[in-house]
1. Looking at region B:3-21, is at least one residue in contact with a Pro (Cβ under 7 Å, 6 or more places away or on another chain), buried (at least 19 other Cβ atoms within 10 Å of the Cβ) and away from every other protein chain (no Cβ under 13 Å)?
2. Based on this model, can you work out whether A:Q43 counts as in the same structural domain as A:L229 (by TED's automatic domain parsing), in contact with a Lys or Arg (Cβ under 6 Å, 6 or more places away or on another chain) and open to solvent by 60 Å² or more (accessible area, probe 1.4 Å)?
3. Here is a check on your reading of the model: is A:A269 surrounded by 12 or more Cβ atoms within 10 Å (Cβ to Cβ) and within 27 Å of A:L176 (Cβ to Cβ)?
4. On the basis of being open to solvent by 50 Å² or more (accessible area, probe 1.4 Å) and in the same structural domain as A:E235 (by TED's automatic domain parsing), does A:K7 make the cut?
5. Report whether or not A:T114 is of a type in the set (S, T, Y), crowded, with 19+ Cβ neighbours inside 10 Å and either outside the structural domain of A:L186 (by TED's automatic domain parsing) or in contact with a strand residue (DSSP E or B) (Cβ under 7 Å, 6 or more places away or on another chain) (or both).
6. Being surrounded by fewer than 18 Cβ atoms within 10 Å (Cβ to Cβ), over 22 Å from A:Y224 (Cα atoms) and either more than 9 Å from every other protein chain (Cβ to nearest Cβ) or in contact with a strand residue (DSSP E or B) (Cβ under 9 Å, 6 or more places away or on another chain) (or both) is the requirement here; does B:E73 meet it?
7. Just checking, does region B:104-114 include any residue being part of a strand (DSSP E or B) and aliphatic (A, V, I, L, M)?
8. Looking only at region B:36-63, filter to residues that are on the phi < 0 side of the Ramachandran plot, within 14 Å of chain A (Cβ to nearest Cβ) and outside any strand (DSSP E or B); which one of those is surrounded by the fewest Cβ atoms within 10 Å (Cβ to Cβ)?
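The values are calculated or read from the model by the stated rules, or taken from the named source; none is laboratory data. Keep in mind that this is a model prediction, so the values were computed, not measured. When we count neighbours, we look across all protein chains shown, and the Cβ atoms used for this are built from the backbone with ideal geometry, even at glycine. Each accessible area value is taken on the protein alone, full model and side chains, heavy atoms only, with ligands, DNA and RNA left out. Shrake-Rupley method; radii C 1.70, N 1.55, O 1.52, S 1.80 Å.
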Amino acid sequence: MASGNMKDIKRRIKSVQSTMQITKAMELVASSKLRHAKERVSQSRPYFNTMYSTITRLASVTRDADSVFTQKREVKNSLYIVIAGDRGLAGGFNSSIFKLGAAQMGGKNAHVLTIGKKAQEHYSKRDWPVLGNYPGIAETMKISDTHPIIHQTIDLFKKGEIDEVFLCYTEFVSPLQQDAKCIQLLPVNFKKQGGQTADKNGAGVLTEYDPSPEAVFDAIIPEYLYGVLYGAVVESFCSEQSARRMAMEAAADNAGEMIENLNLSYNRARQAAITQEITEIVAGSGQVG
Amino acid sequence: MSTFHLKVLTTERSFYDDDVDRIVVRTTQGDVGILPGHVPYIAALGIGGLTIIRDGQEHVAAIAGGFVDCSKEGTVVLARTCEWANEIDINRAREAAERAKARLHQQESEHEHDIAQLKLKKAINRMRIAEEK
């Protein structure tokens, strides 16, 4: 009986140990990927900040009615581009972005474009129609990877099948904090989004546009969308790795704790077995004598 | 000689960030030269060259897509892709040109045709810049 118990505990210790090995390895992989991802985020940020300030200034001098991209229309159909991970085991990373998505889409006639395998799996089982899936691009993201996604989005938007576009991604705040966010992409609305009003000195200075403000605007908006999407995917990937690292670290810690407890039980069982044996021997010898 | 501040940014890196004498850049309307004290100016970029002249020396880069923005603070070029002439892998550009040409000859949808044409233009541009230096 006692030896059977000991065997059981031993087997459990072994299984927890191998789990711990896996979680440790995953943690290491995630932290090395996180390093690369962080570098990519910091390299791409100056581009987006400049892009954003230019677009804001441009938007402040271009009147709303001038471009299809800024025109507000009655919203019948909305499109949500949801960026999630390609893999699970990343703590609450995937579920929190889906939760945010569900909260945002509730009550709307929403359509979905997914980026990441997990998003594809998630939305294939939901009621929202999926217009496109783009799995497996986050890790080796290049700016050209955003082109098909944005082209599809712009196409739908121009045809009037979609009246507004939102982007759900996870912002990398710090290794310990990642925030799921939802921003409006189209129609472009800067004042609401950034809380910024028009540039102070933008109004007074006459800017020259080649060939015309509208043409420049229409050329730059897709550029801006590529940029925003690229930035969002890069941020999300960084957040995913960070979340996974944290989750795996916690899992490895828990496994360590479990092994400690199991070791304790194992030693207790071993001692109990020895004590019992001694008692049996003593009792037996007493009877003989 | 007066100079102005030029920043060239791509998504992957900060490509250039320094004072320059003048630059020539290819917009969708053709080559545009920018000197110090240029009026505020914004234009979308085409596929072509970016020439940076600093201390009388020319530095040439291949550029594709994006836009240029001149303001009082300086000039910013936001490019989709941008690389120095000596960074260009000419063999790769040649191969890309061949591939694009081959695709142009196939009967494909208009969209794919456009993409192939764009790729060919980019490859030819890279080859031209790399050979010119």
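1. As a first pass, look at region B:3-21 and keep what is in contact with a Pro (Cβ under 7 Å, 6 or more places away or on another chain): B:3-4, B:9, B:14.
Still in the running and buried (at least 19 other Cβ atoms within 10 Å of the Cβ): B:4, B:9.
Subsequent filtering for residues that are away from every other protein chain (no Cβ under 13 Å) retains B:4.
Yes: one or more hits.
2. Values: in the same structural domain as A:L229 (by TED's automatic domain parsing): yes; in contact with a Lys or Arg (Cβ under 6 Å, 6 or more places away or on another chain): yes; open to solvent by 60 Å² or more (accessible area, probe 1.4 Å): yes.
So A:Q43 fits the description; yes.
3. Numbers: surrounded by 12 or more Cβ atoms within 10 Å (Cβ to Cβ): yes; within 27 Å of A:L176 (Cβ to Cβ): no.
So A:A269 fails the test.
4. On the way: open to solvent by 50 Å² or more (accessible area, probe 1.4 Å): yes; in the same structural domain as A:E235 (by TED's automatic domain parsing): no.
When the stated conditions are applied, A:K7 does not pass them.
5. For A:T114, the condition - of a type in the set (S, T, Y), crowded, with 19+ Cβ neighbours inside 10 Å and either outside the structural domain of A:L186 (by TED's automatic domain parsing) or in contact with a strand residue (DSSP E or B) (Cβ under 7 Å, 6 or more places away or on another chain) (or both) - is met.
6. Details: surrounded by fewer than 18 Cβ atoms within 10 Å (Cβ to Cβ): yes; over 22 Å from A:Y224 (Cα atoms): no; either more than 9 Å from every other protein chain (Cβ to nearest Cβ) or in contact with a strand residue (DSSP E or B) (Cβ under 9 Å, 6 or more places away or on another chain) (or both): yes.
Against the criterion (surrounded by fewer than 18 Cβ atoms within 10 Å (Cβ to Cβ), over 22 Å from A:Y224 (Cα atoms) and either more than 9 Å from every other protein chain (Cβ to nearest Cβ) or in contact with a strand residue (DSSP E or B) (Cβ under 9 Å, 6 or more places away or on another chain) (or both)), B:E73 does not qualify.
7. Pass one, region B:104-114, residues part of a strand (DSSP E or B): none.
Among the residues of region B:104-114, not one is part of a strand (DSSP E or B) and aliphatic (A, V, I, L, M), which makes the answer no.
8. Per the criteria, the residue is B:V39.
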